[in-house]
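Working notes, beginning with the structure itself.
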Amino acid sequence: MEMDFFATAAKGVEEVLAAEIERLGVSDVTQEKGGVRFKGGMRDCYRANLWLRTAHRVLVTVAEFACETPQQLYDGVRSISWQQYLTPDLTLAVSCNLRDSKITHSGFAALKAKDAIVDSLRDSCGRRPNVDSRTPDLQVNLHLVRNYCTVSLDSSGSSLDKRGYRLDRKEAPLRESLAAAIIDLSGWDGGVPLVDPMCGSGTIPVEAALKASRRAPGLTRADFGFQRWKSFDPEAWSAVLKEAQEQVCETLAVQILGSDLSVTALEVARRNVDRAGVGNLVSFSRAGIGEGVPPVSPGILLCNPPYGVRLGEEEPLKILYKKLGDTLKKSYQGYTAFVLSGNPQLASCIGLKPSRRIVLFNGPIECRLLKYEIY
Ligand SMILES: C[S@@+](CC[C@H](N)C(=O)[O-])C[C@H]1O[C@@H](n2cnc3c(N)ncnc32)[C@H](O)[C@@H]1O
């Protein structure tokens, strides 16, 4: 059965995500603000959850209707055949985000929709399911914009950037999905060396290794939302997993290097890369920026230096950014460098003219991914 899906992503990542979804071979792929729509079957849903590197969630759209009043909301949600998705023994939770609508309270809208769902189940099954707001079997989302309501089921459960390999959190790690997006935006395809000289907990090198070795990012995850659904098909899921495992390359022809000044960050990075199953594909070393010799060009350098959000941090960081610029000029001829920075004043201290600026959001922080061609 063909269904409508919406994969969510961070602002600025929609185009990269649309290209990833196209590669899954599904139909009707269209970019929207905050995500990408596509059509497919349940197997496509499993594959999207397992393979998408830059998405946060894959939502299944189950109804769309005009909605100006609480009664219209109740009736619209009630008209969905919930016994397809739920039994009284499964738990549910309803979340709502809304704007520019006559209904203005998201908590109230979620409650109204929950009432409609449990009433529908009680009528069809004689019993009502329980609500579990922390770990529900079925997470229902309402999206109410300009008095138009979209009801969807979250097939991912926890956000897809939680791959499962990063248990130790170093200060200010990049979200895995954003690291994957930066790698895609850099155009790196595994054909030349990739270097991150401020790798912190290693997110960029790990995501690069996962991509180059064709390892599905979800292979290290413990579970997905759809595995608890009434309709879950374990055989189809096993086939999707098997297909992914068969594609993994155990070796790479190019080097992926991560270095950092901090010994503790490198300890975390080494644990993460091992847990991700790509420990043999990435080399880490301790080095300050400007130390060490990069692999011969051409190559790609990717990094996100500290932004300095706290007072008094900016002055020493200006020196660091200048050092990064000097190092690029001196040691990285023939490389293309991409620096993600959330602080334009600091970025200007690099002292090179970027050939491209891409706006991305690292959580709430508006950042620029700056591209430098080093001649
Ligand atoms: C924002 S964090 C990078 C986070 C990383 N992308 C991750 O996902 O964990 C910046 C990193 O730059 C490192 N760093 C700061 N000064 C440095 C220097 N002079 N040379 C090398 N690394 C440095 C810090 O130790 C920190 O790990």
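The values are calculated or read from the model by the stated rules, or taken from the named source; none is laboratory data. All values reported here derive from a predicted model rather than from experimental measurement. With ideal geometry, Cβ positions are generated from the backbone for all residues, glycine too; neighbour counts draw on all protein chains shown.
Assorted remarks:
- Of the residues making up region 332-360, those that are surrounded by 17 or more Cβ atoms within 10 Å (Cβ to Cβ) and of a type in the set (Gly, Ala, Ser) are Ala337, Ser341, Gly342, Ala347.
- Set side by side, the residues Tyr74, Tyr46, Tyr85 differ, and just one is closer than 22 Å to Gln227 by Cα, hydroxyl-bearing (Ser, Thr, Tyr) and out of contact with any strand residue (DSSP E or B) (no Cβ under 7 Å at 6 or more places or on another chain), which is Tyr46.
- Just one residue in the set Ser120, Ser133 is assigned by TED's automatic domain parsing to the domain that holds Arg57, surrounded by fewer than 17 Cβ atoms within 10 Å (Cβ to Cβ), of a type in the set (Gly, Ala, Ser) and not in a strand (DSSP E or B); that residue is Ser133.
- Residue list for region 239-250, filter: of a type in the set (A, V, I, L, M, F, W, C) and outside any helix (DSSP H, G or I): Val248, Cys249
- Selection status of Pro197, crowded, with 20+ Cβ neighbours inside 10 Å, more than 22 Å from the chain's Cα centre (by Cα) and within 16 Å of the ligand (Cβ to nearest atom): yes
- For first residues located in region 176-202 and not assigned by TED's automatic domain parsing to the domain that holds Ala10 and of a type in the set (Ser, Thr, Tyr), partners that are within 14 Å of the ligand (Cβ to nearest atom) and assigned to a helix (DSSP H, G or I) and lie 6+ apart or on another chain with Cβ distances below 7 Å form the pairs Ser201/Ala265; Ser201/Val268; Ser201/Ala269; Ser201/Asn272.
- Residue check for Ile183: under 14 Å from Glu20 (Cα atoms), aliphatic (A, V, I, L, M) and either away from the ligand (no atom under 16 Å from the Cβ) or in contact with a Leu (Cβ under 8 Å, 6 or more places away or on another chain) (or both): yes
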